[in-house]
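Written below as structure tokens is the structure these notes are about.
The values are calculated or read from the model by the stated rules, or taken from the named source; none is laboratory data. All values derive from a computational prediction rather than experimental measurement. Methodologically, a virtual Cβ is constructed for each residue, glycine included, from the backbone with ideal geometry; neighbour enumeration extends over all protein chains shown.
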Amino acid sequence: MNGFRLLAFGGIPLLLSACAPEICTTSDFERLKPRSVLVLPPENTTANTDVLEKSYPFLFSELAQRGYYAVSPELALQLFQANKMEDPGRLNKLPTGKFNEVFGVDAVLRTKVTEWSSKYIVVSSTVNVGFDMELLDARTGTLLWKDSKVLSQAPNNSGGGLVGALVGAALNAAVTPYEPVADQNAKNMFATIPQGSVNVVTP
Amino acid sequence: MKRPFLLAFSPLILAGCAVTPWPHYEAAVRCHMDGKKQECDQDYLKAIEIGPKTQGLHASYGVHLLLEGRRDEALKEFAIEKANYPGFAPKGIDQLALGSATGAASGTDSASRTERSPR
């Protein structure tokens with residue numbers, strides 16, 4: 001019994017740490033320790049037109065849930081619109097100091113959506129969502145973290161034999177829900193940033 | 001053995017079942033970006049009900065109210081955000097509160113606020 005307890009309570013943290021994603025921030029991240037972040041509207045480099053509306057809310061939400069004070073998208077978009085700076089491509093090219101001035105944030109997150117597609121091959125379909133992200137110090141523009149990932153997931157095509165699989169794959173390709181895949185990809189990427197200390201929810 | 005085991009793991013089990021405001025908050029942001037106006041209120045309010053101190057939430061709702069021409073309510077939401085997150089609530093809130101960044105702040109409805117060219 002004692003051996004079992006030892007394994008159960010001593011081994012679990014080891015098992016959990018084995019699953020933990022690798023933290024891949026730069027040494028400047030530790031030095032500057034950002035706490036508030038402006039998530040810029042994602043720049044769309046794909047052919048899909050509604051990527052901004054679909055991806056911006058959960059990019060913001062996932063980073064906030066990681067323990068950083070993220071500026072709300074409504075506020076950011078309204079101020080960008082007021083300053084006639086709505087194009088994410090142009091925003092990504094602005095010096096970060098400008099955002100520090102307007103929003104008073106510690107860091108800026110730039111995102112490029114590099115992949116937003118579904119592939120349909122005979123009896124299976126796959127959803128692919130890719131992001132390039134970089135977190136920069138808002139005052140100096142110093143790179144704090146950078147990651148690039150494409151997540152591919154196959155919706156469940158099972159059931160109904162070959163005909164069912166064919167129909168299922170075709171339907172999945174037609175009405176693909178990209179958001180869960182994109183959300184998961186963002187979550188996986190943010191898991192490589194150290195957990196922040198801002199209290200995200202205290203109901 | 002059963003009781004200590006349950007006691008040790010109950011926080012993890014409960015955490016897995018916890019209701020968070022984030023799904024409603026995300027839905028509200030999406031709704032706002034779609035320009036649906038009043039339809040978004042229920043998601044904002046539900047998120048506030050579940051997590052009244054969720055970071056950014058009162059600022060978000062404040063912007064939404066401001067663009068609906070509900071200035072007084074908006075200012076209250078901004079004040080709550082600042083009180084909940086002193087030192088974090090972004091400077092931009094003041095710009096909006098002063099009405100220098102939105103036509104809606106002075107009472108006009110900017111229906112085209114979320115219309116962006118497709119990219």
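Structure notes:
Residue by residue, here is whether (1) within 13 Å of the chain's Cα centre (by Cα); (2) on the phi < 0 side of the Ramachandran plot; (3) modelled with pLDDT of 95 or more holds:
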| position | (1), (2), (3) |
| --- | --- |
| A:F103 | no, yes, no |
| A:T114 | yes, yes, yes |
| A:Y120 | no, yes, no |
| A:S125 | no, yes, no |
| A:F131 | yes, yes, yes |
| A:E134 | yes, yes, yes |
| A:T142 | no, yes, yes |
| A:A154 | no, yes, no |
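- A:D132 vs. criteria touching a strand residue (DSSP E or B) at 6+ places or on another chain (Cβ under 9 Å), surrounded by fewer than 19 Cβ atoms within 10 Å (Cβ to Cβ) and either assigned to a helix (DSSP H, G or I) or among the charged types (D, E, K, R) (or both): no
- The set of residues from region A:61-85 being touching a Pro at 6+ places or on another chain (Cβ under 8 Å), facing chain B (nearest Cβ under 7 Å) and either farther than 17 Å from A:V198 by Cβ or not in a loop (DSSP other than H, G, I, E, B) (or both) comprises A:P73, A:L75.
- In region A:93-107, the qualifying residues are those that are more than 12 Å from chain B (Cβ to nearest Cβ) and in contact (Cβ under 8 Å) with a residue 40 or more places away in the chain, and the one that is nearest to A:G141 (Cα to Cα) is A:T96.
- Candidates A:A18, A:A64, A:A47: the one that is among the small types (G, A, S), at pLDDT below 90 and either in contact with a Gly (Cβ under 9 Å, 6 or more places away or on another chain) or exposed (fewer than 13 other Cβ atoms within 10 Å of the Cβ) (or both) is A:A18.
- Verdict on A:F58 being within 14 Å of chain B (Cβ to nearest Cβ), crowded, with 18+ Cβ neighbours inside 10 Å and aromatic (F, W, Y): yes
- Leading residue by the ranking (farthest from the other protein chains (Cβ to nearest Cβ)) among those in region B:25-58 that are free of Cβ contacts under 8 Å to residues at least 60 places away in the same chain and of a type in the set (A, V, I, L, M): B:L45
- Some residue of region A:23-31 being at pLDDT below 95, surrounded by 20 or more Cβ atoms within 10 Å (Cβ to Cβ) and either out of contact with any Ser or Thr (no Cβ under 8 Å at 6 or more places or on another chain) or within 13 Å of chain B (Cβ to nearest Cβ) (or both): yes
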